Amino acid sequence: MSNYKWVKLDDMYAELRKEDFSLVSSFEVNEINPLQMKKLEENGIDSDFVGDGFFEPCRYVLTTFDTKMVEITAPLYEFNLKTGDYVLISESHTQKVNDPNEYGLVKSIYFRCCQEVATEQSKVFEKEFMEKSLDGISSFVTISSTPDRQPNYFYEQYIPTGYIKVCEKNRAFTRDIHDVVFIKSMDAKGKVVTIKVHDLYKGLVIGKGGENIKRIAKLINAKRINVM
């Protein structure tokens, strides 16, 4: 196949390369959180963690569960350390490898799964916001700042647009779980806005000398915010 070349690594194995001897593309990502991992598995994508973090960066290589093996016939080369060039040693070498055309499929599924997780998390956020809200415009949501350790909480990275973080309070005995007060983003058009806040968070919402609530008032273009 004119688009590929083989490079001999040892007597038993050759590595498939592109025509310019660069590595054949495989879809890799640096991080996958538990929600994404589950979604990928549901969509037939396997993730293999590779790299030692020293000589090779740690990453996830994504492939389909039913990866198709194909036979590819192409010229075989060997790298000459003395000259620094690839030397042709056979016009025709045939070997089975994972289908290199899988890259595009895996890439599209990965980005679709990431979007689905973001959409689902956004719905979880908004549901919790409304369930705990006393006024419909402000509330607190329990979030995790480290999703790899806390897969049962809403993840901070998925906070939807349209909400402003007012303040946060760490859960006891953990640095990863926070109760965060949010207010819906709005244009108050210079009017007074009244919000109802749970007693536990009133001091944090107002802030020392009222500094925090004044900051939020400025962000939503309010004359002032009354906290009840």
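Any read-out appearing in this document is the output of simple, stated calculations on the displayed coordinates, not a laboratory observation. Source: prediction; values computed, not measured. Glycine also receives a Cβ, built like all others from the backbone with ideal geometry; neighbour counts cover every protein chain displayed.
Which loop-located chymotrypsin sites (Phe, Trp or Tyr not before Pro) does the range 48-114 contain, where loop means any DSSP state but H, G, I, E or B and the Cβ has at most 12 other Cβ atoms within 10 Å?
Details: sites: 49, 54, 55, 60, 65, 77, 79, 86, 103, 110, 111; in loops: 54, 55, 65.
Taking the range 48-114 and a limit of 12 other Cβ atoms within 10 Å, the loop chymotrypsin sites (Phe, Trp or Tyr not before Pro) found are 54, 55, 65.
Under a crude label model (7 Å from the Cα following the beta-carbon direction), how far is residue 224 from residue 78 in nanometres?
8.5
5 Å is the cut-off here: which amide hydrogens, built 1.01 Å from N in the peptide plane, fall below it relative to residue 194, excluding neighbours closer than 5 in sequence?
Counting only residues 5 or more places away or on other chains, the set is 226.
For residue 163, which sequence-distant residues (separation of 5 or more, or a different chain) have an amide H within less than 5 Å of its own amide H, given hydrogens modelled in the peptide plane?
185
Could you tell me the convex hull volume per residue, in Å³, taken over the Cα atoms of the range 4-110?
Value for the range 4-110: 119 Å³ per residue.
In the range 65-143, which trypsin sites (Lys or Arg not before Pro) are in a loop and have at most 13 other Cβ atoms within 10 Å, using DSSP for the loop call?
When the trypsin sites (Lys or Arg not before Pro) of the range 65-143 are filtered for loop state and at most 13 Cβ neighbours within 10 Å, 68, 82 remain.
What percent antiparallel are the DSSP beta bridges of the chain, to the nearest 5?
85
Under the Karplus relation 6.51 cos²θ - 1.76 cosθ + 1.60, θ = phi - 60°, what is the ordered set of whole-Hz ³J(HN,Hα) values for the range 198-213, x standing for Gly and Pro?
Each residue of the range 198-213 in turn: 4, 3, 4, 10, 4, x, 5, 4, 6, x, 4, x, x, 4, 5, 5 Hz.
Taking the Cα centre of the chain as origin, sum charge times position over the Cβ atoms of Lys and Arg (+1) and Asp and Glu (-1), and report the length of that vector in debye to the nearest 20.
For the chain, the charge dipole is close to 2200 debye.
As a test, work out the antiparallel percent of DSSP beta bridges whose residues both lie in the range 133-227, rounded to the nearest 5. Don't skip to the answer; put the middle values down first.
On the way: 14 of 20 bridges.
In the range 133-227, approximately 70 percent of DSSP beta bridges are antiparallel ones.
What is the spin-label model distance, in nm, from residue 55 to residue 171 if the labels are put 7 Å beyond Cα along the C-beta direction?
Calculated label separation equals 4.1 nm.
Along the charge dipole of the chain, which of 173, 88, 43 sits closest to the positive end, that is, farthest toward it, with unit charges on the beta carbon of Lys, Arg, Asp and Glu (+1, +1, -1, -1)?
Positive-most Cα among the choices belongs to 173.
Can you compute the helix-only [θ] at 222 nm over the chain? Use -39500 (n - 2.57) per DSSP H run of at least 4 residues, normalise by all residues, nearest 500 deg cm²/dmol.
Only helices count here, giving -7500 deg cm²/dmol.
With Rg/Rh (Cα atoms, Kirkwood Rh) defined as stated, name the option among (i) 1.11; (ii) 1.02; (iii) 1.22 computed from the structure displayed.
(iii)
With θ set to phi - 60° and the Karplus curve 6.51 cos²θ - 1.76 cosθ + 1.60, what are the ³J(HN,Hα) couplings of the range 21-29 in order, to the nearest whole Hz, using x for Gly and Pro?
My calculation for the range 21-29 gives 6, 6, 5, 5, 4, 10, 7, 10, 9 Hz in order.
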